[in-house]
Amino acid sequence: MRRISRVILIIIAGVGAISWPIFYIWVMGMACAFGSPNTSSCRTRLPWELRGEDLDWLVLRPGALLLAVLLAIYLLRPRPQNNAS
């Protein structure tokens, strides 16, 4: 059962690691398209340039979720058996 859980978490971590930057780029594009009256000067801000709620929802929370899944994968790793009697 641990092996199946670990494989499922690895798949979830892979999908999350791929979709996180795609979602970030999409949100930044939507912010430029609908939030800026002058779209010619709008640029995508890098994650370390974000502040406040943008930083929280686009960087910190997805990163914490991905780290939690990676920690669960680590905790479900196979451990060597000690058969010394």
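The values are calculated or read from the model by the stated rules, or taken from the named source; none is laboratory data. Source: prediction; values computed, not measured. Note that we place each Cβ from the backbone using ideal geometry, even for glycine, and neighbour counts take in every protein chain shown. Heads up: the accessible areas ignore ligands, DNA and RNA and are worked out on the full protein's heavy atoms, side chains in. Shrake-Rupley method; radii C 1.70, N 1.55, O 1.52, S 1.80 Å.
Of note:
- Computed from the C-beta positions of LEU60 and ASN83, the FRET efficiency with R₀ = 35 Å rounds to 0.20.
- Heavy-atom accessible area with a 1.4 Å probe sorts ARG3, ARG43, largest first, into ARG3, ARG43.
- Residues in segment 27-35 carry Karplus couplings, in order, of 5, 5, x, 5, 5, 5, 6, 10, x Hz; the curve used is 6.51 cos²θ - 1.76 cosθ + 1.60 with θ = phi - 60°, and Gly or Pro positions show x.
- Taking other residues whose beta carbon is less than 13 angstrom from the beta carbon of ARG61, and scoring Lys, Arg as +1 and Asp, Glu as -1, yields -3.
- Where only DSSP H runs of four or more residues are counted, the chain gives -21000 deg cm²/dmol as its mean residue ellipticity at 222 nm, each run worth -39500 (n - 2.57).
- Heavy-atom SASA rank of PHE34, PHE23 (probe 1.4 Å, accessible area, largest first): PHE34, PHE23
- For Cα Rg over 2.2 N^0.38 Å, calculated from these coordinates, the label among (1) 1.61; (2) 1.32; (3) 3.03: (1)
- Between THR44 and SER5, residue separation times 0.36 nm minus the direct Cα-Cα distance comes to 10.3 nm.
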